[in-house]
Structure formats: C-alpha cells, structure tokens
Amino acid sequence: MNPDKKEVKKKTRGGGFPIVNLEEAVNMLKKAAVAGWEMSKETFAKMIGGQSVNSGSFILKLAALRDYGLLERGNSIKYTQLAKNLVAPTLTMNNDFKGLLSETFKNVETFNGLLSRLLDSSTPEFDTESIGNIGVHEFDIALKRKKIFAENFVTSGIFAGILSDLGNGKFKVNDINVKNSSVDSPEETILDTKLQEEMGTQMAMKENYTGQGWKLLIQTQKPLNIEVRKKIIELIELLDQ
C-alpha cells in the first residue's frame, strides 16, 4: 500500500425501517385527513402537531409513512389508496381491517423480511432483544437503533394482528395472518342444504385464503333476501373466530 495514500472507507447506510410504529402512522393520517387527501408539507406538519417541515423528526415521519406505503413520493403530501382505505374504510373493508394493516406492515422491506425469517425459525417464541439482534446481524440495522427497530416491529405486528403478546416479554407469529394458500386453485364447497334452498339450486361457494383474509365467491340464481344476507353474515363471523 502506498504510504502517501490514505485509505478511504466507504460509509454504508444502516438498514432502514419506520421511525414510528404502525398505529402511530395510522393515527397521524387520521389527524391530517380532515384537510383532505392532498396538501402541502406545511399543512400536514401543522395537522400532526405543528412541527417544522425542515426538522429531522418530521422528515423521518414522512419517510416512515412512505415506507408503509401510505404516502406517495413527491414534494407534496398525497395519500395512497391504502391510506384512504385505512382512514375511511367501507363496511367491507372494516370486516377485513386487519388485512389492510397486515398489507401495510408487509410494505416495509425489513419488517417483511424479518417476518419471513421468524416463520422459518424453529423457535416459536421470541423477545425484543432477539429481534433487535437479528435485525443487526441479518438486516443491517445500526446497533444503536436496534431497540427502537425491535419495539416498532413488535408493536406494529401486534397492532396488525400478525404477532401475539404471550406475556413475560415473549411474542409469537400468528401463522394464520402470514401463511398463504394457493389462490390459483380455490376449493369449492357446497353449502348446507337449507342455505342452498334459500339461495338457489346448485349454488356453491368458492373460497381461498390469501394471507390477508378469506375471499368468498357466492354464485346464485336468485336475489339475496334479508334471511340469506343474515346467513352470509353468520358465515363471515364464523370465519373470523
């Protein structure tokens, strides 16, 4: 090595993750939404707490919302469709609100990668310390930020219904929220005889699980009356149990 030349070390950026957890992100969107789906950064900053648009805290919050897929990229604030669905869900969306939250959680590359890592692990339970250490070793999380990374991952996962708090500082992944079954070849199930009689002959239900909730396709030759609708609601409630 030439003694006259100084060695230049390339500075690498640590793994990125949202500086706010998912629940905080949704609450910020709800606060600002009264000003509309599009606004200036100044207006958005005022709506979420009167911060300066040039402050480091505000810049990190914007980055977090974009990591979650809730704000469009650009110089102004523009809600994505996912953000609109979370802020003002329809009745159908309310039935699968956890599915929307799960989708938002998985939009974060480090969160989704870590989630897959935990699913492949032979250890069914974990704590924030182990989560932080995995983040450092496998996802390039800066050592000084591993605690906030682990806390945001766990808090967001619980809020989205992806993780469960077992108590004593232990958590686990809820398989039903993250494992997908095939969507290419849905199963077909014939409904019970009574329901078929009310809804139409040769009526069947096609179903598949996408990882964000059940999707049902009901085909019938007759209009849906009140009694039939009640039975469909009962069926949905059974799936939610």
Only listed residue being touching a residue at least 12 places away in the same chain (Cβ under 8 Å), buried (at least 16 other Cβ atoms within 10 Å of the Cβ) and of a type in the set (D, E), chosen from D140, D96, D127: D96
Where in the stretch 73-120 are the helices (runs of 4 or more DSSP H), entirely inside, with at least 2 residues that are over 24 Å from I59 (Cα atoms) and either of a type outside the set (S, T, N, Q) or modelled with pLDDT under 95 (or both)? 91-95, 97-106, 109-119
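Output the residues belonging to the stretch 121-131 that are part of a helix (DSSP H, G or I) and either within 19 Å of D67 (Cα to Cα) or in contact with a strand residue (DSSP E or B) (Cβ under 9 Å, 6 or more places away or on another chain) (or both). Steps first, please.
As a first pass, look at the stretch 121-131 and keep what is part of a helix (DSSP H, G or I): 128-131.
T128, I131, listed by residue number.
Which of the residues that make up the stretch 134-154 are assigned to a helix (DSSP H, G or I) and in contact with a helix residue (DSSP H, G or I) (Cβ under 7 Å, 6 or more places away or on another chain)? If you could, list the steps in order and put the result at the bottom.
Restricting attention to the stretch 134-154, the residues satisfying the condition of being assigned to a helix (DSSP H, G or I) are 134-138, 143-154.
Those that are assigned to a helix (DSSP H, G or I) and in contact with a helix residue (DSSP H, G or I) (Cβ under 7 Å, 6 or more places away or on another chain): I134, G135, V136, E138, L143, K146, K147, F149, A150, E151, F153, V154.
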Looking at (1) under 19 Å from A35 (Cα atoms); (2) hydroxyl-bearing (S, T, Y); (3) under 17 Å from the mean Cα position of the chain (by Cα), can you tell me which one Y68 breaks? (1)
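Condition check ((1) more than 23 Å from M28 (Cβ to Cβ); (2) assigned by TED's automatic domain parsing to the domain that holds G69) across all residues:
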position: A83; (1), (2): no, yes
position: D96; (1), (2): no, no
position: N112; (1), (2): no, no
position: L118; (1), (2): yes, no
position: T128; (1), (2): yes, no
position: V136; (1), (2): yes, no
position: E151; (1), (2): no, no
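The values are calculated or read from the model by the stated rules, or taken from the named source; none is laboratory data. Predicted model only: the values in this text are computed from it and were never measured. Cβ coordinates were reconstructed from backbone atoms using ideal geometry, including for glycine residues, and neighbour counts include every protein chain displayed.
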